[in-house]
Amino acid sequence: MNTAMNQLQLREATFDDANLIAQLHTRSWQVAYRDILPAHYLNNVAPVERETLWKRRFHYDNHLWVTLALWEGEPVGFVCVLPDGEPERGILLDNLHVMQGQQGRGIGKRLLLAAAAYVHQHFPGKAMHLWVYEDNHEARRFYSRMGGQMVDREKVVTAADSKAVALCYRWSPEAVAERAQDMAAA
Ligand SMILES: CC(C)(COP(=O)(O)OP(=O)(O)OC[C@H]1O[C@@H](n2cnc3c(N)ncnc32)[C@H](O)[C@@H]1OP(=O)(O)O)[C@@H](O)C(=O)NCCC(=O)NCCS
C-alpha cells in the first residue's frame, strides 16, 4: 500500500531534465503569473526562453542544485538553489514551483525543507533568501508559513520586460538549520 511518504519522492535533477524543468516552470508561470506577466509573453515567449535558461544553467553553472518532486512517479514540481546568484545576501533559492492540482499536499514544504537541508549541509552558517512578486499573495503566505522573514522590497524589470515589485524573504542561518532539522525528521 502506498503511503504519503512514498507517493512523494525527491530526485536531484541533471542536464537531461532541462526540458522537463522548463516545461514545469512555464506551466507554473502561466497559472501563477497570469495577473502579473502579459499573456502574450507567457504563452509565446516564456516556453522557449525557459528552455534556453535551463539548458544554460545546467551547462554553465557548476554550483546549481535542482531537485524534482515526483508524485506517484510523475514530476509535479521543483526547487532550484543558485549559490552564486546573490552571494552578498547568502544563498539564493531561485524557483520553487508545484503544479496546479498538486498544491496543498505538502510538496512545496518538502521542496523548501530539502533546499534548506542542502544549504545547511553545503554552506553552513549561510542565510537563504528568495524573491517573490509582491502580487503573488499565495506564495507569500506560503513563505511566511515556512518561517521566511520579509526583509526587502525592490522595483524590478520582469522577464517580460514589464515593471513589477519584488519582495525578498530571508531565512537566517539559524532558521535554515531549523528547517534542515525539519527535513531530517520528515
Ligand atoms: C507556493 C507553492 C510553492 C506552495 O506549495 P504547496 O505544495 O501548495 O504548499 P504545501 O502544501 O507544501 O503547504 C505547506 C504549508 O504552507 C501552507 N500554505 C501553502 N499555500 C498557502 C497559502 N496560499 N496560504 C496560506 N498558507 C499556505 C499550507 O497550509 C501548509 O501549512 P502547514 O505546514 O501548516 O500544513 C505552490 O502553491 C506553488 O507552486 N505556487 C505557484 C508557483 C509560485 O508562485 N511559486 C513561487 C514563486 S516565487
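Values for this structure:
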quantity: Phi to ³J(HN,Hα) by Karplus 6.51 cos²θ - 1.76 cosθ + 1.60 over the stretch 26-31, Hz, x for Gly, Pro; calculated: 5, 4, 5, 4, 4, 8
quantity: Environment charge of Thr14, counting only residues whose C-beta is closer than 15 Å and scoring Lys/Arg +1, Asp/Glu -1; calculated: 0
quantity: Positive minus negative residues near Arg50 (Lys, Arg vs Asp, Glu; Cβ under 11 Å); calculated: +2
quantity: Nearest-10 value in Å² for the accessible area of Met150, using the 1.4 Å probe; calculated: 100
quantity: GNM result for the chain, Cα springs below 10 Å: residue of Val98, Val79, Val48 fluctuating most strongly; calculated: Val48
quantity: Accessible area, probe 1.4 Å, largest first, for residues Glu174, Glu49; calculated: Glu174, Glu49
quantity: Gap separating the Cα centres of the stretch 18-78 and the stretch 111-186, nearest whole Å; calculated: 18
quantity: Nitroxide proxy distance, nm - points 7 Å out along Cα→Cβ at Val48 and Ala185; calculated: 4.9
quantity: Other-chain or far-sequence residues with amide H under 5 Å of Asp135's (modelled H); calculated: Val165
quantity: Choice from Ile107, Ile21, Ile36 with maximal GNM fluctuation in the chain (Cα, 10 Å cutoff); calculated: Ile36
quantity: The stretch 68-180 shape via C-alpha gyration tensor axes, a/c threshold 1.5; calculated: oblate
quantity: Extension reserve of the Asp152-Asn6 stretch, reckoned as 0.36 nm per residue once the Cα distance is removed; calculated: 48.8 nm
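The values are calculated or read from the model by the stated rules, or taken from the named source; none is laboratory data. Since this is a predicted model, take the numbers as computed values, not measurements. Cβ sites come from the backbone with ideal geometry, for glycine too, and all protein chains shown count toward neighbours. Heavy atoms of the whole protein, side chains included, go into the accessibility calculation; ligands, DNA and RNA do not. Shrake-Rupley method; radii C 1.70, N 1.55, O 1.52, S 1.80 Å.
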